[in-house]
Amino acid sequence: MKISLLVLASPYASQSADTAWHYAQAAAHAGHELYRVFFYHEAVYHGSRLSVPAQDEIDRVQRWAELAERSGAELVLCVASALKRGILDDTEANRYERGAHSIHPAFVIAGLGQLVDASVHSDRLLTFGG
Amino acid sequence: MVSGTRRKILLLCRRAPYAGYLARAGLDAALAAAVFEQDLTVLFMDEGIWQLLPDQHSAEIECKSIASTLDSMPLYDIESFYVDAESLRLRDVDAKTLTSKTILLGAAELPGFLDSFEQLWSF
Amino acid sequence: MFDREGFLRNLDDWSPQVAERIAAAEGIELGPAQWEVLELLRAYYKRFDASPAMRALVRYAGQELGADKGRSIYLLSLFPGSPAKLGCKIAGLPKPDNCL
């Protein structure tokens, strides 16, 4: 099956975000196609390249990047949510003259249209953190 | 980008209007689905029912009005909202006091209703 | 005063004169028909606390200005390309479809 995820919770503030990752991992392992993971609202913090977890803590940003690499899933951050929380790519950093980009390279910034696209093209779409 | 299939989506709104920004995020997602021609229905449940109350005066807490967004939804072809009757009863809210056109769903109707959708966006 | 896309940084800086400036920069001449839509957009924003997406603008124009003006083709004739976005820029409103 083609599966997409809608993640709403931020990485270090909720169990739901971890559940999302474990679900994605299990789905990929079971042979399903992970189409897209759409990070919306507070979940956009998953896409920060500036996050520095403690040495004995799970790197919640990196493990999504690795999962995407293994599974081919696209990791998308919602543009409006990301901008106001300071997660910017080069284009946005230049557009708004912020001087630096902060997005982890495994993620892309896009609009809610990509959530709708994921909905249209996936057999299942699950929400985590709602 | 988005073509062909038209999904039957249920947007589940379970959070109070100004308890964080999740309520706002849910409604923005609804408008996006509408703009991309999807068949989206909205159900208010649990704390989400508070979004339907009038006289929100959200400017006083420096927030954009959820009520205003709900008022604009008919312009996006979302003409009415479903409301979980039990959520209203538990909070002692009279359906007649709610703004917008609402359709009450009883407890017995809820499972079948939820099942009738292809996907659930839960906010 | 303007961001890189030509939108006002501070919406309080808007005035009809500023609208003329923005319109001129976009190559649009503001006649009564354009002004009617600009005022419509500002009314929409005042009522709904948001800028309209194109489909909502078409519907709203139909409601408020009559069925013959509630058509994409009419709005496109006044503000070519993206009437909601261009109209909001000239009307001193936030970019619509911010998240689309």
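The values are calculated or read from the model by the stated rules, or taken from the named source; none is laboratory data. Given the structure is predicted, the values throughout are model-derived calculations rather than measurements. All Cβ positions, glycine included, derive from the backbone under ideal geometry; neighbour counts span all protein chains shown.
Can you work out which of the residues in the stretch A:73-86 that are away from chain C (no Cβ under 14 Å) and not in a strand (DSSP E or B) is modelled with the highest pLDDT? So that I can check it myself, show each step before the final result.
So the first thing to find is which residues in the stretch A:73-86 are away from chain C (no Cβ under 14 Å), and the list is A:73-75, A:86.
Then drop every residue that is not not in a strand (DSSP E or B), which leaves A:73, A:86.
On the way: A:73: 98, A:86: 94.
The qualifying residue modelled with the highest pLDDT is A:73.
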Only residues that are assigned to a helix (DSSP H, G or I) and within 9 Å of chain B (Cβ to nearest Cβ): list them for the stretch A:104-130, please. A:113, A:114, A:115, A:116, A:117, A:119, A:120, A:121
Residue in the stretch B:72-81 that is within 14 Å of chain A (Cβ to nearest Cβ) and modelled with pLDDT of 95 or more present: yes
For the stretch C:44-100, what are the residues that are aliphatic (A, V, I, L, M), under 29 Å from residue A:95 (Cβ atoms) and in contact with a Phe, Trp or Tyr (Cβ under 9 Å, 6 or more places away or on another chain)? C:50, C:53, C:56, C:57, C:58, C:86, C:90, C:91, C:93, C:100
Which one of A:70, A:36 is among the basic types (Lys, Arg) and either surrounded by 19 or more Cβ atoms within 10 Å (Cβ to Cβ) or not in a helix (DSSP H, G or I) (or both)? A:36
If I ask for residues that are within 14 Å of chain A (Cβ to nearest Cβ) and touching a helix residue (DSSP H, G or I) at 6+ places or on another chain (Cβ under 8 Å), which ones from the stretch B:85-123 would you list? B:119, B:120, B:121, B:123
What's the number of the condition residue A:58 fails, among (1) hydrophobic (A, V, I, L, M, F, W, C); (2) assigned to a helix (DSSP H, G or I); (3) away from chain C (no Cβ under 14 Å); (4) over 20 Å from residue B:121 (Cβ atoms)? (2)
Take the residues in the stretch B:39-49 that are in a helix (DSSP H, G or I) and crowded, with 21+ Cβ neighbours inside 10 Å; name whichever of them is farthest from the other protein chains (Cβ to nearest Cβ). B:49
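Could you say whether any residue in the stretch A:96-103 is assigned to a helix (DSSP H, G or I) and surrounded by fewer than 16 Cβ atoms within 10 Å (Cβ to Cβ)?
Taking the stretch A:96-103 and keeping what is assigned to a helix (DSSP H, G or I), we get none.
No, there is no match, as no residue in the stretch A:96-103 is assigned to a helix (DSSP H, G or I) and surrounded by fewer than 16 Cβ atoms within 10 Å (Cβ to Cβ).
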Can you tell which of C:96, C:52 is out of contact with any strand residue (DSSP E or B) (no Cβ under 7 Å at 6 or more places or on another chain), modelled with pLDDT under 95 and surrounded by 21 or more Cβ atoms within 10 Å (Cβ to Cβ)? C:96
Going through the stretch B:7-22 one residue at a time, which ones are more than 8 Å from chain A (Cβ to nearest Cβ), free of Cβ contacts under 8 Å to residues at least 60 places away in the same chain, surrounded by fewer than 20 Cβ atoms within 10 Å (Cβ to Cβ) and of a type outside the set (Gly, Ala, Ser)? B:18
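For every residue, the table says whether it meets (1) surrounded by 20 or more Cβ atoms within 10 Å (Cβ to Cβ); (2) outside any loop (DSSP other than H, G, I, E, B); (3) at the interface with chain A (Cβ under 10 Å from one of its Cβ atoms); (4) not aliphatic (A, V, I, L, M).
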position: B:24; (1), (2), (3), (4): yes, yes, yes, yes
position: B:28; (1), (2), (3), (4): yes, yes, yes, yes
position: B:34; (1), (2), (3), (4): yes, yes, yes, no
position: B:37; (1), (2), (3), (4): no, no, yes, yes
position: B:59; (1), (2), (3), (4): no, yes, no, no
position: B:83; (1), (2), (3), (4): yes, yes, no, no
Residues of the stretch A:56-90 satisfying the condition of being in contact with a strand residue (DSSP E or B) (Cβ under 8 Å, 6 or more places away or on another chain) and β-branched (Val, Ile, Thr): A:61, A:76, A:79, A:87
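Among residues belonging to the stretch A:82-95 that are of a type in the set (Asp, Glu) and surrounded by 13 or more Cβ atoms within 10 Å (Cβ to Cβ), point out the one that is farthest from residue A:61 (Cα to Cα).
Just the residues of the stretch A:82-95 that are of a type in the set (Asp, Glu), to begin with: A:89-90, A:92.
Now drop any that are not surrounded by 13 or more Cβ atoms within 10 Å (Cβ to Cβ), which leaves A:89, A:92.
Details: A:89: 16, A:92: 20 Å.
Checking each candidate, the answer is A:92.
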